[in-house]
1. Scan region 9-30 residue by residue and report those that are open to solvent by 60 Å² or more (accessible area, probe 1.4 Å) and closer than 13 Å to residue 119 by Cα.
2. For residue 34, which of the numbered conditions (1) without any contact (Cβ under 8 Å) to a residue 40 or more places away in the chain; (2) within 12 Å of the chain's Cα centre (by Cα); (3) open to solvent by less than 60 Å² (accessible area, probe 1.4 Å) fails to hold?
3. Out of curiosity, is residue 45 surrounded by 15 or more Cβ atoms within 10 Å (Cβ to Cβ) and at pLDDT 95 or above?
4. Given the condition modelled with pLDDT of 95 or more, open to solvent by 60 Å² or more (accessible area, probe 1.4 Å) and either polar (S, T, N, Q) or under 12 Å from the mean Cα position of the chain (by Cα) (or both), answer yes or no: does some residue in region 86-99 qualify?
5. Which condition from (1) in contact (Cβ under 8 Å) with a residue 24 or more places away in the chain; (2) of a type in the set (A, V, I, L, M); (3) outside any loop (DSSP other than H, G, I, E, B) is the one that residue 62 breaks?
6. Looking at region 25-36, is at least one residue over 21 Å from residue 121 (Cβ atoms) and modelled with pLDDT of 95 or more?
7. What are the residues in region 48-80 that are open to solvent by 10 Å² or more (accessible area, probe 1.4 Å) and among the charged types (D, E, K, R), if any?
8. Looking at (1) outside any helix (DSSP H, G or I); (2) more than 13 Å from the chain's Cα centre (by Cα), which one does residue 53 not meet, given that it meets all the others?
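The values are calculated or read from the model by the stated rules, or taken from the named source; none is laboratory data. Fair warning: this is a prediction, and the values are worked out from it, not measured in the lab. A quick note on method: Cβ atoms are made from the backbone with ideal geometry, for glycine too, and the neighbour counts reach across all protein chains shown. Protein only, heavy atoms only, side chains kept; ligands, DNA and RNA dropped before computing areas. Shrake-Rupley method; radii C 1.70, N 1.55, O 1.52, S 1.80 Å.
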Amino acid sequence: MVSNNNRIFIVDDESDTCLALERILEENGFKVDKFTDPFLALKNFKADFYGMLILDIKMPKMNGFELYKQIKRIDTKVKTMFLTALTELQEYAVFRKEVYPKLGERHFVSKPIENEDLVKRVNGILSLN
């Protein structure tokens with residue numbers, strides 16, 4: 001049986017990114033559910049089922065922060081890592097402070113990310129209390 005800590009919920013509007021993340025994480029013992037549509041992802045999200053969300057920030061119709069807020073209403077305990085190809089996160093600065101008010105709690109990863117670094121970051125976030 002797979003523990004929910006090993007279940008990862010990925011939402012990225014780029015299907016190639018979803019497939020790459022799924023492959024890397026599943027090769028490292030994780031169970032992955034992936035979505036390219038944030039609305040479909042929200043509809044299929046289950047409380048207390050996933051250990052971590054990996055959310056793209058910049059998506060059409062609903063960005064990753066908006067999706068995060070909706071999911072956190074369903075499951076307050078799920079850990080989150082945001083992915084972005086953006087070099088500047090200034091437009092999200094206010095939201096970032098709201099989501100992660102304590103220093104060191106901000107889990108943002110720039111795309112592309114090396115496979116080893118991705119697994120290391122995921123394991124590190126999942127190990128936090």
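1. Listed by number, the residues that qualify are 23, 26, 27, 28.
2. (3)
3. Here the answer is yes, as residue 45 does meet what is asked.
4. Looking through region 86-99, none of the residues is modelled with pLDDT of 95 or more, open to solvent by 60 Å² or more (accessible area, probe 1.4 Å) and either polar (S, T, N, Q) or under 12 Å from the mean Cα position of the chain (by Cα) (or both).
5. Answer for residue 62: the failing condition is (3).
6. yes
7. 48, 58, 61, 66, 69, 72, 73, 77, 79
8. Single failed check for residue 53: (2).
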